[in-house]
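Heads up, the thing below is written out as structure tokens.
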Amino acid sequence: MMKGVPFLVTVAILALTFSFASAYDPSYDPSPLQDFCVAINNTDSAVFVNGKFCKDPATVTANDFFFPGLNIPGNTAASKLGSSVNLVNVDKLPGLNTLGISLARLDFAPYGLNPPHTHPRGTELLVVMEGTLLVGFVTSNPNKLFTKVLNKGDVFVFPIGLIHFQFNIGQTNAVAFAGLSSQNPGLITIANAVFGSSPPINPDVLAKAFQLDKNVVDYLQKQF
């Protein structure tokens, strides 16, 4: 009976190890290997970790972990869609490097839209600070839509990689903040990617995929 104990212990350890290993997905940001790794462009005396070179810890200052200005409204008038997104990722806040998180401020003019898009490397957690937003995301096939009207103080989560949107359905400006589970979550705006890629996708492909007349596809590609 006792001979089977080591075998059972080994199996239990392997199962536990596998559970930890399977919980890690390389598509997510790796866990940091040190307290911090401030991003730096000068590679002369740096160590390459998690996509950015690390600044010498002896030269790190508080400013490496600081970003000002999210109290300033975005310029929604500069966008045809009436929205503005100010993303604070590792490129703007070097101290985020290896920490697996970023933040964005979203501003909406009345009826402004943050169009359908996806973040390939990050889940998004949105909180509405002012106004009323219609938000939603679409699952992978068979493409079920989950949508909700959010008011001030409401929170909604958009799972990693899924197409989602935010639309100001109010007659006043709206403001929201979003946390993302990556230092660099990435952004693919669906319409821009499909109709505005460089070089452009063959119009015959898009006409057949969307069941549109080729002239309509040509028109849409000119918009982007």
Note to self: Exactly one condition in (1) modelled with pLDDT of 80 or more; (2) in contact with a strand residue (DSSP E or B) (Cβ under 9 Å, 6 or more places away or on another chain); (3) assigned to a loop (DSSP other than H, G, I, E, B) is false for residue 64; which is it?
What the structure shows: (3)
Notebook entry, point to check: Taking the stretch 166-200 as the region of interest, how many residues are in contact with a Phe, Trp or Tyr (Cβ under 8 Å, 6 or more places away or on another chain) and of a type in the set (Val, Ile, Thr)?
Noted result: 2
Check: Would the stretch 97-113 turn up any residue that is more than 20 Å from residue 150 (Cα to Cα) and β-branched (Val, Ile, Thr)?
Finding: yes
Item checked: Counted residues, the stretch 64-101 - those being farther than 13 Å from residue 40 by Cα and not hydrophobic (A, V, I, L, M, F, W, C) -> 15
Note to self: Of the residues 182, 140, only one is of a type in the set (Gly, Ala, Ser) and either in contact with an Asp or Glu (Cβ under 7 Å, 6 or more places away or on another chain) or at pLDDT below 95 (or both); which?
What the structure shows: 182
Notebook entry, point to check: How many of the residues making up the stretch 109-139 are assigned to a loop (DSSP other than H, G, I, E, B) and over 17 Å from the mean Cα position of the chain (by Cα)?
Noted result: 6
Next item on the list: Please identify the pairs in which a residue from the stretch 112-140 that is within 11 Å of residue 176 (Cβ to Cβ) and of a type in the set (Lys, Arg) has its Cβ atom under 9 Å from the Cβ atom of a residue that is open to solvent by less than 10 Å² (accessible area, probe 1.4 Å) and at pLDDT 95 or above, counting only partners at least 6 apart or on another chain.
Entry: none
Check: Just a yes or no: is a residue in the stretch 30-51 more than 30 Å from residue 152 (Cβ to Cβ), in a loop (DSSP other than H, G, I, E, B) and modelled with pLDDT of 90 or more?
Finding: no
Margin query: Among the listed residues 142, 185, 203, identify the single one that is open to solvent by less than 40 Å² (accessible area, probe 1.4 Å) and either over 30 Å from residue 52 (Cα atoms) or of a type in the set (Asp, Glu) (or both).
Written below: 203
Notebook entry, point to check: Out of curiosity, is residue 106 assigned to a loop (DSSP other than H, G, I, E, B), in contact (Cβ under 8 Å) with a residue 60 or more places away in the chain and hydrophobic (A, V, I, L, M, F, W, C)?
Noted result: no
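The values are calculated or read from the model by the stated rules, or taken from the named source; none is laboratory data. This is a predicted model, so every value here is computed, not measured. Cβ sites come from the backbone with ideal geometry, for glycine too, and all protein chains shown count toward neighbours. Quick note on the areas: whole protein, heavy atoms, side chains included, nothing else; ligands and nucleic acids left out. Shrake-Rupley method; radii C 1.70, N 1.55, O 1.52, S 1.80 Å.
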